[in-house]
1. What pairs come out if I take residues in the range 53-68 that are more than 16 Å from Glu92 (Cα to Cα) and assigned to a helix (DSSP H, G or I) and pair them with residues that are open to solvent by less than 40 Å² (accessible area, probe 1.4 Å) and at pLDDT below 90 whose C-beta lies under 8 Å away, six or more apart or interchain?
2. Does Glu98 fit the bill of being out of contact with any His (no Cβ under 6 Å at 6 or more places or on another chain), open to solvent by 40 Å² or more (accessible area, probe 1.4 Å), touching a residue at least 24 places away in the same chain (Cβ under 8 Å) and in a helix (DSSP H, G or I)?
Amino acid sequence: MTHRQLSFTGLILSLILCSGVAVAQQDSPPADNSSPANAPLRQKALDLLKTLAGETGALQSAENRARMRSNIAGSLWTHDERAARRLIASVEADIQAELQSYQTEPNDPLRLQVFLHLRMDTVERIAKHDAESALAFFKATDPGSDERLPHGVLEA
């Protein structure tokens, strides 16, 4: 791994660990996030999400890249819809590439199932904001004919 990849991985792990600690320490109901006092913190969080979105290209695993981009797009949508849509387009491309790869050379059905699950998670994220775009994403990432897919993979 390069220094940049290690730094990116460390940043993600830090965010995950710190968010768990922050949630565990919360005794009272969350404060109103729309208050002016929270604006600088909210902007820092958005900037961090945008930075993370830009760094996802360094991830070697298509699954990790697509999942991170899908999660970040869901979080960014209400603040920067254009950036979220760009991320969704790259998730769509990763899923299409994986489905195409499986159609030409069937290999790991479990990996295919992971991408199909990611596909549905992403459709649900998009549908919260734009039902037409969710349907377009769903159609664009259609796995194709059932005859090339392993038995039961679509039911899971």
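1. Glu55/Phe8; Ala58/Gln5; Ala58/Phe8
2. Working: out of contact with any His (no Cβ under 6 Å at 6 or more places or on another chain): yes; open to solvent by 40 Å² or more (accessible area, probe 1.4 Å): no; touching a residue at least 24 places away in the same chain (Cβ under 8 Å): yes; in a helix (DSSP H, G or I): yes.
Taking the combined requirement at face value, the residue does not satisfy it.
Here is a yes/no grid of residues against (1) within 16 Å of Thr51 (Cα to Cα); (2) in contact with a strand residue (DSSP E or B) (Cβ under 6 Å, 6 or more places away or on another chain); (3) at pLDDT below 90; (4) not in a helix (DSSP H, G or I):
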site	(1), (2), (3), (4)
Ile72	yes, no, no, no
Val91	no, no, no, no
Ile126	no, no, no, no
Ser133	no, no, no, no
Ala136	no, no, no, no
Gly144	no, no, yes, yes
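The values are calculated or read from the model by the stated rules, or taken from the named source; none is laboratory data. As the structure is a computational prediction, the values presented were derived from the model and not from experiment. We place every Cβ from the backbone using ideal geometry, glycine too, and count neighbours over all the protein chains shown. What goes into the accessible areas is simple: the full protein's heavy atoms, side chains included, and nothing from ligands, DNA or RNA. Shrake-Rupley method; radii C 1.70, N 1.55, O 1.52, S 1.80 Å.
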